Amino acid sequence: MGFSTETFDYHISWKTRGHRPGQHKSDQRGMGLEFAGHSNLLDYPDPRRIDLRQTIRDPLEQIYVRIFNQRSATPAVIVSDLSASMNFGIKKSKLRFASEISTVIANSVTTRSDAIGFIGFNDQTETKWWAPISYRPHRTNLLIEKLKNYQPKNSSHQGIKRVCQVLPNDHTLVFLISDFHMPISDIEESLSKLAKHTVIPIVLWSKAEYKDLPNFGIMNLNDPESGESTTLFLRKKLKAKIIEKFEKRKVQLQNIFLKYDSPPFFVEDKFDPLEMSQYFNEYFHA
């Protein structure tokens, strides 16, 4: 099955404040099945929900109705790294891969009747890479398609620190796609600013960056900690050190993301929607 139609299941662990009917728990009063308490008929004039037992028990003889919370929609945003390191790829760049993953995310969000938006960042968060939250995500889909063939030049990741300024005020589900080849201090600063939202870090690494390197040869590589590109003459011993550095980096990223209750989802050359569904089941109980 192609990326154009695949979806994954997800749920949220908070009560959304969205007014539009959807599939998530909310505090909005409506025709849902989640019992929220009683109110008198004057404050909540819905005779269909009169509770006779509660009314009979009241010594003041007020008429009570049962009130329920409806299921509501929640906002979701795809945030994609557009920096130069995301242009890495032998058969397919990370940006093209990010486009494919973003398509699956957008499909999944719209299938659940939620709103979706898009933010791209490199040195900045540029308006030409913004798509507002919408239930008809035409602009988001255009940017996802544009991402497929985008080729950044000498751009950094500093805009990640300003993503919080573009997000909605309400609690939002944020799919943050990047290789995170940037200093841990920048990641931590960004996560602290996004604390009011739920962040799903999707870490894009390529086996060609470290596992599948040749034992000998000259290669341009991105340092996983600084994000800087360096030219190296590879030898077997150096390759082993590079692999070890990436493995240590993985533990480092896991620790910093878990500190902010955002367990990372690592992807190497293949994105499996079923694994993403399992990720939500494990970490975000409804």
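The values are calculated or read from the model by the stated rules, or taken from the named source; none is laboratory data. This structure is a prediction, so every number in the text was calculated from the model and none was measured. Please note: Cβ atoms are built from the backbone with ideal geometry, for glycine as well, and neighbour counts cover all protein chains shown.
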Residue that is surrounded by the fewest Cβ atoms within 10 Å (Cβ to Cβ) [pool: residues in the range 104-120 that are at pLDDT 95 or above and touching a Lys or Arg at 6+ places or on another chain (Cβ under 9 Å)]:
G117
Going by the structure shown, is V77 modelled with pLDDT of 85 or more, touching a Pro at 6+ places or on another chain (Cβ under 9 Å), part of a helix (DSSP H, G or I) and closer than 19 Å to I12 by Cβ?
no
For the range 199-242, give me the residue count where each residue is at pLDDT 80 or above and crowded, with 19+ Cβ neighbours inside 10 Å.
11
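For the range 164-207, name all the residues that are touching a strand residue (DSSP E or B) at 6+ places or on another chain (Cβ under 8 Å) and part of a helix (DSSP H, G or I). Quick ask: steps written out before the conclusion?
Step one: filter the range 164-207 for residues touching a strand residue (DSSP E or B) at 6+ places or on another chain (Cβ under 8 Å), giving 166-168, 170-181, 191, 194, 197-207.
If the condition is that a residue be touching a strand residue (DSSP E or B) at 6+ places or on another chain (Cβ under 8 Å) and part of a helix (DSSP H, G or I), then L191, K207 are the ones that fit.
Those residues that are of a type outside the set (V, I, T), touching a residue at least 12 places away in the same chain (Cβ under 8 Å) and under 21 Å from I177 (Cβ atoms), I need them from the range 239-258; list them, please.
Residues of the range 239-258 that are of a type outside the set (V, I, T), as a first pass: 239-241, 244-250, 252-255, 257-258.
Applying the additional criterion that residues be touching a residue at least 12 places away in the same chain (Cβ under 8 Å) yields 239, 245-246, 249-250, 252-253, 257.
Across the range 239-258, the qualifying residues are F246, R249, K250, Q252, L253, F257.
From the list S26, S4, which one is at pLDDT below 75 and crowded, with 16+ Cβ neighbours inside 10 Å?
Working: S4 fails: crowded, with 16+ Cβ neighbours inside 10 Å.
Only one candidate qualifies: S26.
Take the conditions over 19 Å from F284 (Cα atoms), among the hydrophobic types (A, V, I, L, M, F, W, C) and not in a strand (DSSP E or B) and apply them to L147. Does it pass?
Details: over 19 Å from F284 (Cα atoms): yes; among the hydrophobic types (A, V, I, L, M, F, W, C): yes; not in a strand (DSSP E or B): yes.
Yes: the conditions hold for L147.
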Restricting attention to the range 90-140, report how many residues are touching a residue at least 24 places away in the same chain (Cβ under 8 Å), in a helix (DSSP H, G or I) and of a type in the set (K, R).
2
Please verify whether the range 29-47 includes one or more residues that are basic (K, R), farther than 30 Å from H171 by Cα and either surrounded by fewer than 14 Cβ atoms within 10 Å (Cβ to Cβ) or at pLDDT below 65 (or both).
no
Please state which one of Q165, Q158, Q124, Q151 is more than 21 Å from H197 (Cα to Cα) and surrounded by fewer than 18 Cβ atoms within 10 Å (Cβ to Cβ).
Q151
How many residues of the range 251-276 are surrounded by 15 or more Cβ atoms within 10 Å (Cβ to Cβ) and either under 16 Å from the mean Cα position of the chain (by Cα) or part of a helix (DSSP H, G or I) (or both)? The answer is 14
